1. Could you list all residues from region 128-169 that are without any contact (Cβ under 8 Å) to a residue 40 or more places away in the chain, acidic (D, E) and touching a Phe, Trp or Tyr at 6+ places or on another chain (Cβ under 8 Å)?
2. So in region 279-294, with the set limited to residues that are aliphatic (A, V, I, L, M) and surrounded by fewer than 24 Cβ atoms within 10 Å (Cβ to Cβ), which one is farthest from R54 (Cα to Cα)?
3. Checking F51 against (1) modelled with pLDDT of 95 or more; (2) exposed (fewer than 14 other Cβ atoms within 10 Å of the Cβ); (3) in a loop (DSSP other than H, G, I, E, B): exactly one of these is not met. Which one?
4. Return yes or no: is K112 more than 20 Å from L210 (Cα to Cα) and basic (K, R)?
5. So, in region 188-204, of the ones that are under 24 Å from the mean Cα position of the chain (by Cα) and within 12 Å of F136 (Cα to Cα), which residue ends up surrounded by the most Cβ atoms within 10 Å (Cβ to Cβ)?
6. For the condition charged (D, E, K, R) and not in a helix (DSSP H, G or I), what is the one hit in E300, E263?
7. With the condition kept exactly as written, say whether any residue in region 322-329 is closer than 25 Å to V127 by Cβ, out of contact with any helix residue (DSSP H, G or I) (no Cβ under 7 Å at 6 or more places or on another chain) and outside any loop (DSSP other than H, G, I, E, B).
Amino acid sequence: MYLVDKLYSKIFRTLNDGVFELGYGLSSIKKPERNIVLMYHGVDTIGGNLFNGRHTPLNYFKKQIEFLSKNYNIVSLKDYFVRCSSEKNLCCITFDDGYLNNLINALPILEKYNTKATFFITGINEVGVDILWADFVNIVSKLYSKDILIGGEEFQNKKGNYFSKESKKSLMDIVKNIKPEYGFKEEIFSAFEGKIDFKEDSKYFEYWKLMNSRQIQLLAQSKCATIGSHGYYHNNLGNILFPNAMKELSNSKKYLENLIQKEVTSIGYPDGSYSEEVCNYAASIGIIHQTCSESFNKEEDRKNGFLKNRAGIYNFDSAANQMYTAINANL
């Protein structure tokens with residue numbers, strides 16, 4: 001039975017690839033009876049997974065947007081919230097993190113197909129930081145192999161990931177769930193200072209470079225782009241102290257609105273992390289189009305009128321089967 005299932009899966013996936021390459025829409029990839037919000041991160045020309053799988057190869061992205069534009073009614077996030085309860089076959093496209101490659105690589109494709117997308121961006125430019133902590137951890141974990149002391153705790157690199165010698169937990173897990181406040185992330189930056197300098201190497205730019213304030217303004221001028229919040233420091237807003245989450249939401253909204261001179265009404269919660277009180281506070285300051293990622297905290301959150309779930313696109317498969325996995329995700 002295992003071999004039969006494996007053979008079926010291989011044939012099915014190969015068929016998906018063939019249909020996708022031919023540009024046909026009538027395939028098992030499409031699921032017209034449901035609506036979907038897709039979550040991209042970066043779009044890169046390299047097409048590798050050197051540090052993580054968050055960057056979609058440019059040639060894959062072209063095929064996916066062409067497919068979506070032919071087979072779905074692609075709408076803005078704002079329109080999605082209004083129409084998703086009464087219509088089907090809607091698709092909304094979102095991007096997290098605010099990478100420069102969104103402006104350079106993704107936007108021209110979106111404009112070619114007149115496709116709307118929402119770009120969730122942090123306020124980190126205001127504090128003079130040019131890289132998100134998650135990218136920093138991913139990159140230094142792959143490029144630096146020696147033991148490191150962070151905030152008085154020793155970490156050891158095991159196969160490209162740092163683990164605490166004391167708790168045995170991964171550095172990424174500690175940052176997200178145990179020490180989620182931004183102060184610990186600053187300690188990580190400081191710990192590696194002078195030990196590794198990857199930012200001068202252009203071959204890594206697509207993996208971490210963010211848009212600066214001027215580039216965010218250029219993106220916002222496109223009729224295909226809407227700017228939303230991604231927090232201020234890219235902290236997990238459901239895990240940090242609530243007063244700090246309130247500040248992040250307010251400061252992020254203020255920074256972006258001053259920058260683009262447009263109202264910011266949406267947020268993509270970093271790492272999909274939120275809480276009921278965070279959602280309610282965000283709505284109270286006008287952030288009424290909220291998105292998590294991959295799952296709700298609890299089943300009742302599906303009834304939250306401010307919150308929608310998203311399916312992620314990750315570079316661990318072919319262009320067709322990335323799309324199939326996302327569209328058929330159990331959300």
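The values are calculated or read from the model by the stated rules, or taken from the named source; none is laboratory data. Since the model is a prediction, treat every value here as computed from it, not as a measurement. Because the Cβ atoms are built from the backbone with ideal geometry, glycine has one as well, and the counts that use them run over all protein chains shown.
1. D147
2. Checked region 279-294; the qualifying residue farthest from R54 (Cα to Cα) is I285.
3. Unmet for F51, out of (1) modelled with pLDDT of 95 or more; (2) exposed (fewer than 14 other Cβ atoms within 10 Å of the Cβ); (3) in a loop (DSSP other than H, G, I, E, B): (2).
4. On the way: more than 20 Å from L210 (Cα to Cα): yes; basic (K, R): yes.
Yes; evaluated as a whole, the condition is true for this residue.
5. For region 188-204, the residue satisfying everything is I188.
6. Numbers: E300 fails: not in a helix (DSSP H, G or I).
Step by step, each of E300, E263 is checked, and only E263 is charged (D, E, K, R) and not in a helix (DSSP H, G or I).
7. No, region 322-329 has no match at all.
Listed here are the residues, each with its yes/no results for (1) within 23 Å of Y314 (Cα to Cα); (2) small (G, A, S); (3) crowded, with 21+ Cβ neighbours inside 10 Å.
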position	(1), (2), (3)
D147	no, no, no
G151	no, yes, no
S164	no, yes, no
L171	yes, no, yes
W208	yes, no, yes
Y232	no, no, yes
